[in-house]
1. Take the Cβ-Cβ distance between A:D7 and A:E169 as r, set R0 to 45 Å, and report the resulting FRET efficiency rounded to the nearest 0.05.
2. Sort shortest first the distances from B:F63 to its counterpart in every other copy, using label points 7 Å along the Cα-to-beta-carbon line, and give them in nm.
3. Would you be so kind as to identify all helices of chain B, as entire DSSP H runs, whose Cα atoms reach 27 Å or more along the helix's own axis and whose mean Kyte-Doolittle hydropathy is at least 0.5?
4. I want to verify a result. In a Gaussian network model of chain A, Cα cutoff 10 Å, which of these has the top mean-square fluctuation: A:E50, A:E145, A:E73?
5. In nm, what does the list of distances from B:V32 to its counterparts in the other copies look like, shortest first, when each label sits 7 Å along Cα to Cβ?
6. Quote the total accessible area buried by chains A and B together, excluding ligands, DNA and RNA, probe 1.4 Å, nearest 100 Å².
7. Computing the accessible area with a 1.4 Å probe over protein heavy atoms, can you report the carbon and sulfur percentage for the protein assembly as shown?
8. Please identify which residues in region A:112-151 have an amide N closer than 18 Å to a label point set 7 Å out from the Cα of A:E73, following the Cα→Cβ vector.
There are 2 protein chains.
Amino acid sequence: MRPNKRDELVRNALQVFYRDGFHATGMDKLVVETGVSKTSMYKHFRTKEELILAALRLRDESFRISLLRQIEEMAHSPADRLLASFDALAQWFEEDGYRGCMFIKAGAEYQESDHPIHLQAAEHKRLMLDYFTDLARKAGAREPEKLGCQILLLQEGAIVTAVLLKNCEPARDAKAAAQVLLDQALA
Amino acid sequence: MRPNKRDELVRNALQVFYRDGFHATGMDKLVVETGVSKTSMYKHFRTKEELILAALRLRDESFRISLLRQIEEMAHSPADRLLASFDALAQWFEEDGYRGCMFIKAGAEYQESDHPIHLQAAEHKRLMLDYFTDLARKAGAREPEKLGCQILLLQEGAIVTAVLLKNCEPARDAKAAAQVLLDQALA
DNA sequence: ATGAATATGTACTGATCGGTAAACTTTAGC
DNA sequence: GCTAAAGTTTACCGATCAGTACATATTCAT
């Protein structure tokens, strides 16, 4: 268990950053919430920013891996998988402690477009876009880049709407929209 | 010019909050950037939170008013106006200093769903949803609530995607998607 | 069992946080 | 021209910010 304390730190810090935000989470709060001493934190990461970047890297990995696995279990054709991504979204929204997309929030708190945290958030979205575009291409869509982007737009829209509007079901309406767009792109 | 200093404060503070974020903007920075003394600020607003709420109120008003006017100038039928909203979006994305939606960011920095700032951000989105739903109804859509929500999802998705992904044109793809959804809802 | 790496607690730095106190100056209505 | 409101400067409060120093304790491979 040599480097595991570091991973444990990143894992727990990730939860706190996701729950409370980046600027609102001080290093002293992290000491309390993660159980890792401040001295140890600064042995592993030279700055708070580096710790945030590590947390975002972990989030990107675990989020995308589990999302893709979910999708691939639920559906098998590329077209069905595009649609299934919205069912995965709906499940996510129902989870306790759902607080929207960590990368949208990171981009919102670190707005300069050349900031490392902003860049890492952008990279995550680019990977998501690539995944949807790939599925659209495999599904035989006429303009896969366009359909992939539209699927992404619906997802991002649903994610932020699910945070702010409790009275509507964005995942359902987004899926219905995706179905229409998909039909039209395959016709 | 009695109460105008207050309005000037709110107007300038709004710009700084939008540019730099809420937690990242301290009251001392606002003194420098707005030219209003700290004592005066606290004469007008008892807390930073009240100042933020006033800034958000102003933003909601001016943003919605100018957006609706733009839309109503560009198009005249309800259906065309739904589509024109994406042209207004595209123009917004091109503006210098575009930094996404202030209310999405407010909801991201103040995440507790009963927080006054979170509630105010949610109220803005609800008003936007109502507007689109109303247009969808007037356009004769089969399920106006559904179409209104889908338009909103595309808009929100485009807004956050325009912040993070510089290499694609979310407003264009969102408009094309809206066109398809609209056709299908009117058929 | 020992040595080296890794962890810890405590105490601290200077800067900044939101917010206040008090004394002084400007502005505007009568 | 006087009065009172509204604005200002300057200095301050205790708390918290990110980050560091240092001495001690725990862990682990040999």
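The values are calculated or read from the model by the stated rules, or taken from the named source; none is laboratory data. As the structure is a prediction and not an experimental result, all values here were calculated from the model. Heads up, the Cβs are rebuilt from the backbone with ideal geometry, glycines too, and the neighbour counts pull from every protein chain shown. Please note that ligands, DNA and RNA were not included when accessible areas were found on the heavy atoms of the full protein model with its side chains. Shrake-Rupley method; radii C 1.70, N 1.55, O 1.52, S 1.80 Å.
1. So the FRET efficiency works out to roughly 0.80.
2. Nearest first, the other copies' label points are 2.1 nm away.
3. B:144-164
4. Per the Cα network of chain A with a 10 Å cutoff, A:E73 tops the list.
5. Here B:V32 shows inter-copy label distances of 3.0 nm.
6. The contact between B and A buries close to 3400 Å².
7. 48 percent
8. Of the residues in region A:112-151, none has backbone N under 18 Å from the label point off A:E73.
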